[in-house]
Amino acid sequence: MDEIFDDLPSARSRSQKKLLRVSFGDGTVYCYKNATITYTEALRKIGMSKLQNINLEIGHLPIFSKEIYPKYKDYMKPLDDGWYVNTQSDSSQKYIQLVSIKNSLNIDMEVEIGSDFETSGARGFIKARQRTDCLLVKFPDGTFVGGASPKESYLEAIKKVGPELLYHKEFSVFGREIVTRYKKYPNQLQIESGFWVTVPGLTKEKARVFEVIKSSLRIDVEPQII
């Protein structure tokens, strides 16, 4: 691992916010303002079929797991096929982990850490403008629904649950019906088949809608704020 630490920038640059940039041989580049987003998207690109054989740990627990560790529940981020990664590490540690993975799997990718990279506002876990969190909704088949913003994630997840089902069940949260046939409330948006969906303002309120769906309608959905 000595050669990994040799690649780290000098102590002077550590006073600035550290960004990660991961470039793959096929031309794909991940570099976001949030190192955790870059890290997670790079891992998704590599794929769990390879990563599940990697032996890296945090707090004596594997960083890749199919369960959410209670101690690290706020740091467990979803990947694919029901897997999570423990992101309780700073940018330098994530850099070291990615370089270790690269060397172990002999992957054609370049991992960099610095403070002057040009960042992207592309898909995936990228945070919406002026927001500090993102919304993901896990469904029973193991898939995750997530968009470029909590609102987009919310609407896509409502579509997957089924607006017609929610309409006929007269499903309500926060004293308002979630799906109507016409615009009944100011904070509604129209989606497919002429349904209008009530969109709560806060991300935690959007997540709450799916928690109530799970408990009230017994639909196995798991909202996550990241």
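Since every read-out is calculated from the coordinates, none of them should be taken as a lab result. These numbers were taken from a predicted model, which means no experiment stands behind them. A quick note on method: Cβ atoms are made from the backbone with ideal geometry, for glycine too, and the neighbour counts reach across all protein chains shown.
Helix 35-46 and the long axis of the chain differ in direction by around 90°, with both axes built from C-alpha atoms. If R0 equals 41 Å, the separation of the Cβ atoms of Asp116 and Lys50 corresponds to a calculated FRET efficiency of about 0.85. Would you mind finding the longest exposed-site-free stretch of the chain, with exposed chymotrypsin sites (Phe, Trp or Tyr not before Pro) meaning DSSP loop and at most 13 other Cβ atoms within 10 Å? Result for the longest clean stretch: 1-173.
Between the Cα long axis of helix 150-161 and the first principal axis of the chain there is an angle of about 60°, rounded to the nearest 10.
The simple spin-label model puts a point 7 Å past each Cα toward its Cβ; for Leu202 and Ile225 those points are separated by 0.7 nm.
By the count of neighbouring beta-carbon atoms within 10 Å, fewest first, Lys159, Lys183, Lys77 end up ordered Lys183, Lys159, Lys77.
You can think of it this way: the chain between Thr28 and Ser100 has 24.0 nm of extra reach, that is 0.36 nm per residue less the Cα-Cα gap.
The alpha carbon centroids of segment 141-192 and segment 49-86 are separated by 30 Å.
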